[in-house]
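Read through the structure below, which is laid out as structure tokens, and then see the notes.
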Amino acid sequence: MFCQMELDGLEPNIVTWISMLSSHARCGHHEETLHLYGVMKGKGIGTTVKALAVVVSVCADSGALDKGEVIHGNVVKGGFENYLFVKNLYVCMYGKHGTVGDVENLFSEMESKNIVSCNALIDIVLCRIWIV
């Protein structure tokens, strides 16, 4: 798609990138989603909360904890670390990977919590109880 846009003299914008990321993620193409995110970042396209929602969810669902941690570093550099939505994403990601210490740290750092925060924590705790 991007090649065709370039041939037509069009430059993909953040909406185009997020659409591509979301489409690949919904189809289960996790590696390609993360690759596209890397290309997007390499082209200097700024990250948005919507893009983060897609790629962090992909990291959580695909077992790519290492990539999720790298993206977490980008979140901090980009100034998104205090967004409750983003913290909830990371609570879920770290919880799915069983890194309970990270979950506890993130949850305790949250200045305000919402129902999503609490549900994510409950889900993680219950999953750990049922697995053990």
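For region 73-125, which positions are among the acidic types (Asp, Glu) and either loosely packed, with under 13 Cβ neighbours inside 10 Å or touching an Asp or Glu at 6+ places or on another chain (Cβ under 8 Å) (or both)?
First, pick out the residues of region 73-125 that are among the acidic types (Asp, Glu): 81, 102, 104, 109, 111, 123.
Result: 109, 111.
Are any residues in region 7-31 within 18 Å of residue 43 (Cα to Cα) and not in a helix (DSSP H, G or I), and if so, which ones? Correct list: 9, 10, 11, 12, 13. Taking the numbered list (1) surrounded by fewer than 18 Cβ atoms within 10 Å (Cβ to Cβ); (2) within 11 Å of the chain's Cα centre (by Cα); (3) not polar (S, T, N, Q) in turn, residue 46 passes all entries but (2). The set of residues in region 81-116 being in a helix (DSSP H, G or I), at pLDDT below 85 and among the small types (Gly, Ala, Ser) consists of 101 alone.
For region 49-65, name all the residues that are assigned to a loop (DSSP other than H, G, I, E, B) and buried (at least 20 other Cβ atoms within 10 Å of the Cβ).
64
There is at least one residue in region 6-14 that is over 30 Å from residue 126 (Cβ atoms) and surrounded by 15 or more Cβ atoms within 10 Å (Cβ to Cβ). Scanning region 52-99 for residues that are β-branched (Val, Ile, Thr) and either touching a residue at least 40 places away in the same chain (Cβ under 8 Å) or out of contact with any Ser or Thr (no Cβ under 9 Å at 6 or more places or on another chain) (or both) returns 56, 70, 76, 86, 99.
The values are calculated or read from the model by the stated rules, or taken from the named source; none is laboratory data. Everything quoted here is computed from the prediction, not taken from an experiment. A quick note on method: Cβ atoms are made from the backbone with ideal geometry, for glycine too, and the neighbour counts reach across all protein chains shown.
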